[in-house]
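In what follows, a structure is listed as structure tokens, so that the remarks can point back to it.
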Amino acid sequence: MPTNIPTTDRVVTVCFAPGTDADWFSASEIVNDLMAANGTPARRYHVRHRKLIGWITRWFGYFLLDAARKFGAITLAAGGRKGRLDLNGTAAKAANEARLRYRAFCNHIAATTRPARTWEDFLAQHHADPAKVSLAEARRRFENQPRVLAMLGYAGAYTFDPYELAVYQADEATYVNLHWRIALVGDALITTDGRLMEPASPSMADRLRFLNDATRYLRSLRSAARLCAVVIS
């Protein structure tokens, strides 16, 4: 769920080649080595249940990591064999939720407020002259805009993250595409050969570039490859 302030929690997707050790301990070691951080499993992926045989496999957690159950059947997992994870279903659910949230933003926020300057604009002011514009001051100026205040003050069924204002003010497709990609790869991805993929900067444009590259990489993996989603702080 998006938050109303920048969060330090990040989700890292660790990828393993087929036939390699792919348990939670191995994933945590890789994250610690590359990012000097400790984490916990993140149950993000829906689990795939094939027709016919799915009535049997839905009860068994083989080839899955940290699986969650509902009424005894496995529904979510922090990772596992790519072929057992329902990546399309995971992306579709995130896309649908993002679409509804964006349309609520249009009805309740965009229709009643003027466009606002994005967080990236104020962050650039801070980086240009930190002595003049502290990070706290940059955040105060950003959040004091009427549209951002409306997003923060909204008390309906959705939470609008003002730090995603750049994509809210782009269009629905951009906002939806951002969130279904986040659902698949999170904030960073570690490839099977130990390469760390992450945004080149905090800007939304660089974040979208990273998500496009990471999603393409994820799709290129064989079904026997393993994935593990890790939350780090």
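Overview of results
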item	result
Test: residue in the range 64-80 that is within 18 Å of GLN145 (Cα to Cα) and at pLDDT 85 or above	no
Hits in the range 97-120 - residues which are closer than 16 Å to ASP161 by Cα and either modelled with pLDDT under 95 or of a type in the set (D, E, K, R) (or both)	GLU97, ARG99, ARG101, ARG103, ARG117, GLU120
Residues within the range 132-148 that are of a type in the set (A, V, I, L, M, F, W, C) and out of contact with any helix residue (DSSP H, G or I) (no Cβ under 7 Å at 6 or more places or on another chain), tallied	1
Test for THR40: is it surrounded by fewer than 17 Cβ atoms within 10 Å (Cβ to Cβ), at pLDDT below 80 and among the hydroxyl-bearing types (Ser, Thr, Tyr)	no
Residue count for the range 138-160, restricted to those that are over 23 Å from the mean Cα position of the chain (by Cα) and of a type in the set (S, T, N, Q)	2
Count of the range 212-233 residues which are within 16 Å of the chain's Cα centre (by Cα) and in a helix (DSSP H, G or I)	7
Index of the failed condition, PHE160 passing every other in (1) at pLDDT below 95; (2) closer than 29 Å to VAL14 by Cα	(1)
Top-ranked residue of the range 93-133 - restricted to ones that are more than 14 Å from ARG147 (Cα to Cα) and among the basic types (Lys, Arg), ranked as farthest from the chain's Cα centre (by Cα)	LYS132
From the options THR159, THR192, residue that is assigned to a loop (DSSP other than H, G, I, E, B) and within 30 Å of GLY19 (Cβ to Cβ)	THR192
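The values are calculated or read from the model by the stated rules, or taken from the named source; none is laboratory data. Model, not experiment: these values are computed from the prediction. Every residue, glycine among them, receives a Cβ derived from its backbone with ideal geometry; neighbour counts consider all protein chains shown.
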